[in-house]
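The values are calculated or read from the model by the stated rules, or taken from the named source; none is laboratory data. Note that the structure is predicted; figures quoted are calculated from it, not measured. Here the Cβ positions follow ideal geometry from the backbone for every residue, glycine too, while neighbour counts run over all protein chains shown.
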Amino acid sequence: MKVVIVEDERQGVEMIVSDLIAVVKNKATTTVGLATGGSMETIYEELVSHGRESAVNFDEVRWFLLDEYLGLNADDPARYRAVIRKQLVDPLGLDPAHLYGPEPDLASGEDAGPKYETAIRAAGGIDLQFLGIGRDGHIGFNEPGSSLASRTRVKKLRPETREDNARYFGGHLSAVPTMAITQGIGTICDARRLVLVAWGEAKAEAIAKCVEGPVTAMAPASALQLHPHVTVVIDQGAAQQLQLKDY
Ligand code: F6R
């Protein structure tokens with residue numbers, strides 16, 4: 001696990017986007033896994049402006065959502081597919097057919113996981129998976145207690161996660177779905193490379209558990225310690241509780 005402590009979010013974002021562009025230049029058919037949420041927003045903004053300026057061709061890249069809410073209407077702007085369309089696919093002029101995601105229809109919840117795993121495998125697996133981290137250490141929507149071998153499946157969201165995400169539902173906690181479908185921890189760890197990002201002090205405890213804590217289902221991000229190619233990019237705030245920060 002490579003831990004990169006940057007001066008601030010801006011520096012981290014520039015580094016990550018330059019890296020992604022280099023990866024795509026090297027392999028036009030790269031498959032990229034996309035997390036949603038506040039930590040990723042500046043990365044998508046930078047990718048859109050950088051991508052427009054540079055001559056990089058994203059036509060053959062395939063994009064895979066990490067997770068999706070259940071129970072929202074098909075046209076709800078809070079759906080992760082809609083969020084990624086708005087933040088990345090549309091402004092960068094990507095083909096929406098190249099954006100894949102789990103099927104969030106409640107009725108197909110049980111089948112949706114295996115179907116999505118098949119789609120990922122058919123694309124050759126994920127080359128580069130981006131991850132944020134919840135305050136409780138979740139990755140995707142794998143909440144504490146998730147099996148470290150889990151595959152894509154339906155999960156119930158914890159109250160803390162729903163409270164954190166209420167800001168995307170006009171601040172109304174009752175509007176935040178209670179269930180989601182998420183790539184499992186085993187699925188995430190199948191990606192050839194993982195990049196986890198966190199900005200700000202509110203993530204410091206989760207980052208310390210992820211990087212330095214024991215590998216445990218109670219801190220799902222700690223499973224990344226077992227992956228051979230992980231980069232954790234954090235700012236000074238998120239690095240605050242690392243015991244070996246200076247090392
Ligand atoms: C969303 C996702 C979540 C978020 C996490 C952090 O696709 O997978 O694990 O990455 O909840 O969210 P933010 O970045 O909003 O703090």
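Of note:
- Test for GLY12: is it surrounded by 17 or more Cβ atoms within 10 Å (Cβ to Cβ), of a type outside the set (Phe, Trp, Tyr), touching a residue at least 60 places away in the same chain (Cβ under 8 Å) and farther than 21 Å from TYR80 by Cα: yes
- Test for ARG158: is it touching a His at 6+ places or on another chain (Cβ under 9 Å) and surrounded by 13 or more Cβ atoms within 10 Å (Cβ to Cβ): yes
- Listed by position, the strands (runs of 3 or more DSSP E) inside segment 153-247 whose residues that are touching a Lys or Arg at 6+ places or on another chain (Cβ under 8 Å) number at least 1 are 179-182, 230-234.
- The condition of being farther than 14 Å from LEU128 by Cβ and within 16 Å of the ligand (Cβ to nearest atom) holds for only one of ILE5, ILE43, ILE84, that being ILE84.
- If you go through segment 148-172 and keep only what is within 11 Å of the ligand (Cβ to nearest atom) and of a type in the set (A, V, I, L, M), you end up with just LEU157.
- Checking LEU47 against (1) free of Cβ contacts under 8 Å to residues at least 40 places away in the same chain; (2) more than 29 Å from ASP105 (Cα to Cα); (3) within 17 Å of the chain's Cα centre (by Cα), the condition it does not meet: (1)
- The single condition from (1) at pLDDT 95 or above; (2) over 15 Å from the mean Cα position of the chain (by Cα); (3) of a type outside the set (Ser, Thr, Tyr) that LEU128 fails is (2).
- Of all residues in segment 94-123 being in a loop (DSSP other than H, G, I, E, B), modelled with pLDDT under 95 and surrounded by fewer than 21 Cβ atoms within 10 Å (Cβ to Cβ), the one that is farthest from the ligand (Cβ to nearest atom): ASP105
- Taking the listed residues ASP246, ASP190, ASP164, the one that is free of Cβ contacts under 8 Å to residues at least 12 places away in the same chain, surrounded by fewer than 22 Cβ atoms within 10 Å (Cβ to Cβ) and of a type in the set (D, E, K, R) is ASP246, with no other qualifying.
- Flag if GLN87 is modelled with pLDDT of 95 or more and touching a strand residue (DSSP E or B) at 6+ places or on another chain (Cβ under 7 Å): no
- Hits in segment 158-174 - residues which are within 20 Å of the chain's Cα centre (by Cα) and over 13 Å from ARG135 (Cα atoms): ALA166, ARG167, TYR168, PHE169
- Test: residue in segment 124-140 that is in contact (Cβ under 8 Å) with a residue 12 or more places away in the chain, surrounded by fewer than 19 Cβ atoms within 10 Å (Cβ to Cβ) and either closer than 18 Å to LEU99 by Cβ or more than 15 Å from the ligand (Cβ to nearest atom) (or both): yes
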